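Right, one structure below, let's go through it.
The values are calculated or read from the model by the stated rules, or taken from the named source; none is laboratory data. Keep in mind that what you see is a predicted model, and the values were worked out from it rather than measured. Neighbour counts run over all protein chains shown; Cβ positions are idealised from the backbone, glycine included. Accessible surface is based on the protein model in full, side chains and every heavy atom, while ligands, DNA and RNA are left aside. Shrake-Rupley method; radii C 1.70, N 1.55, O 1.52, S 1.80 Å.
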Amino acid sequence: MGKKAGVLFFLAGILFCGNVWAEAPETPVLSDSQCIICHKEQPATIAAHGAKHKTEVGCVDCHTEHPPAGQNAVPECGMCHSNKPHYELENCGSCHSDTHAPMNLKIEGDVTGPCLTCHEKEGKQLKAHPSAHTDVACSECHVKHRFIPDCMECHTKHTEDMNLESCLACHPVHTPLEITYGDDTASHYCTSCHEDAGTLLKNNNTKHKDLSCVYCHRVKHKTVPSCVSCKIPHGKPHPAKMLEKFPECGQCHGIAHNIQK
Ligand code: HEC
Ligand code: HEC
Ligand code: HEC
Ligand code: HEC
Ligand code: HEC
Ligand code: HEC
Ligand code: HEC
Ligand code: HEC
Ligand code: HEC
Ligand code: HEC
Ligand code: HEC
């Protein structure tokens, strides 16, 4: 018999004798350093991935009893974690699949509600601005905690030269239909959908020809400017009397993409 096994039997003896003579006052008290004699796996996991379950608590803080003397060997999380919405969730182990590696998360299936116990803001945004993303589970995009997906995993680009950054410049991902854009947005992004407007503007030779789309259609998608809002260079270039009679500039000048004189 090896030396190790000898120690094992000795300890097991102490333990089980404690049970046989349950009345005996000297029920053995175990300490953390002894567990490893019989349990290799858990101490190894804690050493490698224990996180705060390694630094803030020890084995016997959680395992306050041990069979056969005590049957409640496995602790409830609520013994130490309470009073936060996150700790009201059910089945902690579905995500924290090994208490000895508490931060090794397993996020499986469609998960949304539990995320909201910490990320209330994103949940509210998705609800307040209904879009197709409101019906996509958080975990369909964030397949791992803290992972940021690329739009192109699920969508095609409007133009070849776009990347995640350009998508986000127009579509805030949790409110994707609240489309806004900067004053440096390239016109070919717009003409990928508005081909006719682009062609018309390109093929005329007025002073509007070289303006970018967003120079006039500012900030928010579908904004249509009034001609006079462009103070420089023109403002109101005609006598008030005349504009009273012909309130629409377009009555004489046609469409802004191809002004007539
Ligand atoms: C002498 C060997 C020995 C030592 C030392 C020992 N254990 Fe155990 N432990 C066992 C055996 C054997 C079982 C299985 C008992 C059973 O299923 O009835 C067990 C079972 C357990 C269980 C599972 C109980 C359950 O209900 O599933 C836990 C938890 C546990 N031990 C924790 C510890 C901790 C923590 C320590 C150190 C403080 C420790 N053990 C020290 C032998 C040991
Ligand atoms: C933060 C609390 C906590 C700490 C610290 C902790 N455990 Fe556990 N342990 C648990 C829980 C909870 C379980 C039940 C299974 C699970 O959820 O991972 C468990 C299960 C076990 C089991 C039974 C495994 C099985 O499959 O039945 C053993 C043995 C064990 N722990 C030993 C240890 C040892 C040894 C240490 C110290 C190195 C330790 N534990 C530290 C909470 C803890
Ligand atoms: C004996 C007390 C105790 C028990 C039981 C316990 N924990 Fe903990 N746990 C702590 C302490 C202390 C911390 C560090 C402080 C904090 O984050 O609240 C901690 C931290 C954590 C962390 C964060 C780890 C890190 O490094 O940031 C997670 C996740 C966690 N616990 C999950 C669980 C789960 C799930 C259970 C039940 C299976 C559980 N705990 C049971 C005491 C406990
Ligand atoms: C749907 C998955 C999921 C479930 C279920 C879950 N957690 Fe968590 N938990 C997480 C995520 C994600 C984090 C954040 C990890 C990070 O910060 O990287 C976390 C963090 C923690 C933390 C550390 C941070 C903090 O705010 O305290 C503790 C402790 C914790 N969980 C305990 C629990 C307990 C106890 C339960 C059950 C009542 C539970 N968790 C259920 C996913 C889950
Ligand atoms: C227990 C609290 C908790 C839970 C539950 C939780 N998170 Fe987190 N999450 C955090 C913390 C803490 C951070 C880091 C925040 C920071 O760095 O400012 C974070 C960061 C993130 C990030 C940002 C990563 C980055 O690079 O900015 C994403 C995305 C995320 N979580 C998604 C989720 C999803 C999806 C879920 C549900 C599956 C979830 N979280 C559940 C606490 C949690
Ligand atoms: C359609 C995919 C998608 C869905 C659904 C989604 N997210 Fe995100 N989320 C992203 C992307 C992409 C980013 C990066 C955004 C950025 O950098 O502006 C992000 C960023 C985050 C961040 C970091 C925010 C920050 O300010 O750093 C958190 C936290 C987060 N998401 C949580 C959630 C939660 C919680 C849900 C579910 C209620 C959710 N997300 C649903 C794609 C998604
Ligand atoms: C995990 C898959 C997934 C990812 C990643 C994703 N989406 Fe979506 N998105 C969808 C689904 C599903 C729909 C609804 C069907 C469709 O239009 O393809 C949708 C619809 C949309 C819509 C139309 C919304 C509506 O209500 O009509 C926009 C805009 C959009 N996504 C933008 C983005 C942007 C921008 C990103 C990256 C920041 C992104 N999506 C990342 C799954 C995803
Ligand atoms: C210049 C701003 C802009 C950029 C950059 C942009 N989009 Fe869009 N996107 C729009 C507009 C405007 C719509 C049409 C919204 C409507 O129908 O009201 C749209 C619609 C969508 C839709 C809905 C389905 C469709 O094709 O009509 C999806 C999905 C989408 N965009 C994904 C993306 C992705 C992915 C990227 C990055 C590769 C991206 N968008 C970059 C402005 C932009
Ligand atoms: C993904 C396709 C897409 C992109 C990219 C896109 N749009 Fe649109 N746009 C649309 C759709 C769809 C409509 C609604 C058409 C309708 O209602 O007939 C629209 C409508 C408009 C309208 C008309 C509003 C009205 O009241 O008639 C303007 C102006 C406009 N877009 C400007 C732009 C500008 C400027 C850009 C570039 C920053 C752009 N669009 C990019 C799809 C797009
Ligand atoms: C000089 C300012 C100006 C520029 C530059 C401009 N627009 Fe317009 N756009 C307007 C005005 C004003 C209207 C409203 C119709 C009118 O009165 O001419 C309009 C109408 C539209 C409409 C809705 C009606 C239609 O023709 O379908 C779309 C879409 C549109 N513009 C897209 C674009 C795109 C795409 C570009 C860039 C290629 C662009 N615009 C450049 C001023 C401008
Ligand atoms: C009743 C017809 C009519 C109406 C309505 C009208 N204009 Fe004019 N506009 C003209 C004529 C005619 C000219 C002179 C053309 C020329 O000299 O080549 C002109 C000239 C201009 C010029 C100078 C062009 C240049 O090349 O220097 C601008 C700018 C202008 N108009 C803007 C507007 C605006 C803005 C409105 C609406 C508030 C408007 N116009 C309404 C008929 C009209």
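Summary of computed values
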| item | result |
| --- | --- |
| Of all residues making up the stretch 157-187, the number that are within 18 Å of the chain's Cα centre (by Cα) and among the polar types (S, T, N, Q) | 1 |
| Identity of the residue in the stretch 121-156, of a type in the set (D, E, K, R) and surrounded by 14 or more Cβ atoms within 10 Å (Cβ to Cβ), that ends up farthest from the chain's Cα centre (by Cα) | Glu140 |
| Only one of Pro85, Pro102, Pro68, Pro75 that is in contact (Cβ under 8 Å) with a residue 40 or more places away in the chain and more than 16 Å from His145 (Cβ to Cβ) | Pro68 |
| Conditions (1) polar (S, T, N, Q); (2) in contact (Cβ under 8 Å) with a residue 12 or more places away in the chain; (3) under 30 Å from Glu248 (Cα atoms): number failed by Thr159 | (3) |
| Whichever residue in the stretch 108-137 is among the acidic types (Asp, Glu) and not in a helix (DSSP H, G or I) and, among such residues, is nearest to Ile179 (Cα to Cα) | Asp110 |
| Residue within the stretch 48-60 that is under 30 Å from Phe147 (Cα atoms) and of a type in the set (Val, Ile, Thr) present | yes |
| Residue in the stretch 18-31 that is modelled with the lowest pLDDT, counting only those that are open to solvent by 60 Å² or more (accessible area, probe 1.4 Å) and not in a loop (DSSP other than H, G, I, E, B) | Val20 |
| Residue list for the stretch 82-98, filter: open to solvent by less than 90 Å² (accessible area, probe 1.4 Å) and under 24 Å from the mean Cα position of the chain (by Cα) | Pro85, His86, Tyr87, Leu89, Cys92, Gly93, Ser94, Cys95, His96, Ser97, Asp98 |
